[in-house]
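No value in this document is a laboratory result; all are computed from the given coordinates. The model shown is predicted, which means the values in this text are computed figures rather than measured ones.
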Amino acid sequence: MTQNVPKPDPSAGFDSQWPVPAAALRSRIERAPRYEVIGSVAAVTGSAIEVRGMTAPLGAICKLTTSRGRAVDAQVVGFRDAAPILTLLDSMPAVSAGDEVRLVAYELSVPGGPGLLGRVIDPLGRPLDGRPLDGRPLTSGAAMTGTGGCRGATGTGAGSDAGAEGTGAGIVRVPIERDPPASLERPMIDQAMSTGVKAIDTLLTCGHG
């Protein structure tokens with residue numbers, strides 16, 4: 001007997017096409033925070049935002065929601081006593097004391113893979129060409145966890161995609177902080193790459209690899 005399995009609501013936070021690969025789903029569940037960590041803005045000095053009522057590791061990604069409802073992403077860059085200090089990954093909105101800050105990921109990751117060929121994206125991997133990365137329609141003010149990319153993934157280096165998470169359409173999420181490939185495991189660079197600048201090609205020859 002065949003049963004029709006209902007598809008999930010796209011707003012539920014899945015950023016890959018249904019059905020979600022079991023390995024990717026298991027990876028998300030294992031890395032997801034077991035509870036929500038929420039604090040509030042206590043002080044703003046220049047571009048540094050001090051948060052009270054929560055803690056987060058260095059490099060963690062938080063979402064700051066202003067009193068006007070605008071949500072922006074920020075990264076933990078330091079501490080003052082036990083209070084995290086954030087810097088915004090977007091333009092500075094009208095931040096007020098008491099605005100909500102929520103931990104959303106333990107480190108920043110960006111999309112990569114052949115699915116990005118021909119696409120226009122910003123430095124955080126969010127699409128600028130009006131097309132989604134994974135088949136879902138874009139929403140205004142989309143969070144990085146939806147279309148641009150923060151995940152609590154970790155990489156193991158060695159030139160593999162360990163720590164990468166598949167999102168369909170030839171795109172994987174890769175943490176920006178990864179161990180470099182082991183030097184003895186890197187392929188030999190034996191093909192020159194022309195830059196079109198004679199001084200560079202002669203004195204600082206580049207290679208494919």
Margin query: Per 0.36 nm of contour for each residue apart, how much would the distance between D179 and T87 grow if the chain were fully extended, relative to their Cα-Cα spacing?
Written below: 30.7 nm
Next item on the list: Go through segment 82-96 residue by residue and turn each phi into a ³J(HN,Hα) via Karplus (6.51, -1.76, 1.60, θ = phi - 60°); whole Hz please, and just put x for glycine and proline.
Entry: 9, 8, x, 10, 10, 10, 6, 9, 10, 5, 5, x, 7, 7, 10
Note to self: Give me, ordered by chain and number, the residues 5 or more places off I85 or on other chains with an amide H under 5 Å from its own placed amide H.
What the structure shows: V77, G78, F79, R80
Next item on the list: May I ask you to evaluate 6.51 cos²θ - 1.76 cosθ + 1.60, the Karplus curve with θ = phi - 60°, for each residue of segment 41-55 and list the ³J(HN,Hα) values in order in whole Hz, giving x for glycine and proline?
Entry: 5, 9, 7, 10, 10, x, 9, 8, 10, 8, 10, 10, x, 7, 9
Checklist line | Prolate/oblate/rounded call for segment 50-112, Cα gyration tensor, a/c under 1.5 rounded | finding: oblate
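Provide the gained length on full extension for the span F79 to R131, in nm with one decimal, where the gain is 0.36 nm per separating residue minus the Cα-Cα distance.
On the way: separation 52, 0.36 × 52 = 18.72 nm, distance 3.76 nm.
Contour length minus Cα-Cα distance gives 15.0 nm.
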